[in-house]
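The values are calculated or read from the model by the stated rules, or taken from the named source; none is laboratory data. Just so it is clear, the structure is predicted and the values come from calculations on it, not from any experiment. No Cβ is skipped: glycine too gets one built from the backbone with ideal geometry, and neighbour counts run over all protein chains shown. Each accessible area value is taken on the protein alone, full model and side chains, heavy atoms only, with ligands, DNA and RNA left out. Shrake-Rupley method; radii C 1.70, N 1.55, O 1.52, S 1.80 Å.
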Amino acid sequence: MDSRTLYLRLLQYVRPYWRIFAASLLATAVLAATEPALAALLKPLLDGSFVDKDPTMIRLMPLLLLAVFALRGISGFISAVALNWVANKVVMDLRGLMFDRLLNLPTRFYDNHPTGVVLSKVTYNVNQVTDAATKVLVVLVRDSIIILGLLGWMLYLSWQLSLIALVLAPLVALAVKLISGRLRRLNRGLQQSMGDMAHNLEEIINGHKVVKLFGGQPPEARRFNRVNNWVRRYTMKQVVTSETNVPIIQMLAVIGLAVMIYFAALQSASDEITIGGFVSFFGAMALLLAPLKRLTSINTPLQRGLAAAESVFALVDEEPEADTGSRSLARVEGRVEFRDVSFSYEADGRRALEGITLAIEPGENVALVGMSGSGKSTLVQLLPRFYHPDTGAILIDGVDIRELRLADLRRHIALVSQDVVLFNDSVRGNIAYGAMDGADEAAVIRAAEAAHAMEFIRAMPEGLDTLVGDNGVRLSGGQRQRVAIARAILKDAPILILDEATSALDTQSERYIQQALEVLKQGRTTITIAHRLSTIEKADRIVVLDGGRIAETGTHAELLGRGGIYSRLHRLQFTRPEPAADAAEAPDQP
Ligand code: ADP
Ligand code: MG
């Protein structure tokens, strides 16, 4: 996007507040007008009060000065407060827009964008945007008025001298143009590096235990040092660029000033200019320097703001999850059908699923089995449309899920995934999460009982009201899983998906929960991904995935008899302590 389009788009966000913004600009204009007035006052002050010694002038001038400064004070206050009010409204609106978008982005977006980068867009970049949208505009308005007023006054005093000043303007403009492009590039780099830094920080904060255990400090420190240095380098490049800006322009101005002083001296020798006029002219010139300097350095916040705006708009414009369906199913029986579904995570990447055809009857309990990476989680994530199949279709009760509204589709599905997500809220808030907020106490307790979570919840100091901490750090892995299961139980959806939902539990608790889940599975369609084969022996059907394809299906007994992958997996798990989790409980195995 070019600067103009970006800027116009930014102004759109200011538009709802145009009244206050206009008030601020008006106050700014008044403030600006007092500046040439000060220069203009100098002429009557000197010529009237001191040269002519006019008594009215002598009394009037101090009062006028007071009046001008009072006006400056009031208009300056209104201008700044009104402006900040608008700026902060725009920040709030943009943050709101980004957050809304974040709530509705496809899972793929989160796969491709590091958390830190997105975080810094919402928290850091957006503030710079408003600098561009509001403050820059005010500088433009204020300083243009000041400059025009001063120039007008100078022309009135002596057009010859003014002409010399005007010759400089295009030179200054050229210098500004050259430097602005570079500043914007540097800013983009800086923002990227800030994002990388946040990302790096987040990883070592969340993963600090892994870092410590695996001696990850040196590489992490090296990685951080690299981005840290990049941030410094970009900042320094910016400083150097914007600081060369200033002396170049001041040099141009000073050359002109020298020439003018020479001509002014000639003019006053021929009585073409009074003493008051001479002082007033150079007073105006001196006053001109500050707004000129501001106008020329406006580019830094402007380009920074535009670079930030670009990144903010990129997020705002991010395509939300496709939610084109219009149908809603009031009651779902729970027939789930995959028709020749293929899927790959990357556009031309390896297929994670290939030609999956599978029909699950209402109330049927299907278990998915396969080596890690065989596509089990991927398959169940397609059902709530976290991802979309590349080819083929998925149907619920004979209706293609693409025809359903996303919210309606997801209402019918409860999913407990292998990575439990808990919010920094009470246990109750985590069980009765989202749309279930406000579920009655008895129901929450029933769900917690069924998930065998109530025992440990009761043992906690504040019971259901205990806060679980950031992603549930105050709970053990097994406890977190039980809270997640309670959440799914409370949702009471006709389709239940358990993706290694009991993997973090000890054998004892798992057995309890298995019993609870058996009850829960009654009358619901369930897809269970099990990491321990012992837990799915009673499934109505077992589907074995291998490399994204369905390798075999059948009951436990049928598959054992067939001597294929399932029987091999089974043998591995029951004769040898294979993966670590299973090794711990090997003595429990029959
Ligand atoms: P399982 O649950 O059976 O262990 P998954 O369904 O999680 O396996 O993964 C299947 C394949 O898809 C794996 O090869 C894995 O590397 C890949 N995969 C999983 N999630 C993603 C993702 N978000 N982006 C890219 N590839 C992924
Ligand atoms: Mg998995």
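Structural remarks
- Accessible surface, per residue, of region 130-235 when the full set of protein chains is kept, probe 1.4 Å, Å²: 57 Å²
- Helix runs (DSSP H) in the chain reaching 18 Å along axis by Cα, Kyte-Doolittle at least -1.0: 18-44, 55-103, 136-157, 159-206, 217-269, 275-297, 299-316, 477-491, 507-521
- Centroid-to-centroid separation of region 339-397 and region 409-423 [C-alpha atoms, Å]: 17 Å
- Top positive-direction residue, dipole computed over the chain with Cβ charges, set Gly429, Gly76, Thr555: Gly76
- Under 18 Å from the Asp390 label point (7 Å along Cα→beta-carbon), backbone N, region 329-348: 339-348
- Beta bridges from DSSP with both residues in the chain: antiparallel share about 50 percent, rounded to the nearest 5.
- Reachable lysines, given that their alpha-carbon falls under 25 Å from the alpha-carbon of Lys121 and they are not under 8 places away in the same chain: Lys89, Lys135, Lys237
- The string of couplings for region 555-560 from the Karplus curve (6.51, -1.76, 1.60, θ = phi - 60°) is 7, 3, 5, 4, 5, 4 Hz, one whole number per residue in order, with x for Gly and Pro.
- By accessible area, using a 1.4 Å probe on protein heavy atoms only, region 192-285 has 68% of its surface on carbon and sulfur.
- In plain terms, the chain from Asp100 to Trp159 could stretch by 15.5 nm, reckoned as 0.36 nm per residue minus the Cα-Cα distance.
- Peptide ranges 411-417, 361-367, 448-454 listed from the most packed, as the mean C-beta count within 10 angstrom indicates: 448-454, 411-417, 361-367
- Cα-projected label distance for Glu441 with Asn225, points at 7 Å along beta-carbon direction, nm: 5.8 nm
- Phe574, Phe313, Phe423, ranked by accessible area, largest first (probe 1.4 Å): Phe423, Phe574, Phe313
- Percent carbon-and-sulfur accessible area, region 1-123, ignoring ligands, DNA and RNA, probe 1.4 Å: 71 percent
- Surface share of carbon and sulfur [accessible, 1.4 angstrom probe, percent] for region 325-460: 48 percent
- Dipole magnitude (debye, nearest 20) for region 154-259, charges at Cβ of Lys, Arg, Asp, Glu: 360 debye
- Placed amide H near Ala352: partners under 5 Å, 5+ positions off or other chain: Phe343, Ser344, Tyr345
- Accessible area of region 485-529 divided out per residue, in Å², using a probe of 1.4 angstrom: 36 Å²
- Straight Cα distances below 23 angstrom link Lys538 to the lysines Lys376, Lys521, with same-chain residues fewer than 8 positions distant left out.
- Computed over the chain, the Cα gyration tensor eigenvalues convert (square root of 5λ each) into semi-axes of 73, 24, 22 Å, ordered from largest to smallest.
- Amide H contacts under 5 Å for Gly370, placed H, 5+ residues apart: Leu545
- Per residue solvent-accessible surface (Å²) - region 350-414, probe of 1.4 Å: 37 Å²
- Dipole moment magnitude, nearest 20 debye, the chain about Cα centre, only Lys, Arg, Asp, Glu C-beta charged: 1600 debye
- Environment charge of Glu220, counting only residues whose C-beta is closer than 15 Å and scoring Lys/Arg +1, Asp/Glu -1: +2
- Contact order relative to length of region 63-172, as percent, for alpha carbon pairs under 8 angstrom and 6 or more apart: 29 percent
- Lys, Arg +1 and Asp, Glu -1 on Cβ, resulting dipole of region 1-112 about Cα centre, debye, nearest 20: 320 debye
- Take 297-307, 526-536, 237-247 and order them by the average number of nearby Cβ atoms within 10 Å per residue, most first; the result is 297-307, 526-536, 237-247.
- Near Gly277: Cβ cut-off under 15 Å, other residues only, Lys/Arg at +1 and Asp/Glu at -1. The net charge is -3.
- The relative contact order of the chain comes to 14 percent, based on Cα pairs under 8 Å that sit 6 or more residues apart.
- Stokes-Einstein diffusion coefficient of region 334-478, Kirkwood radius over Cα pairs, 4 °C, 1.567 mPa s, in µm²/s: 73 µm²/s
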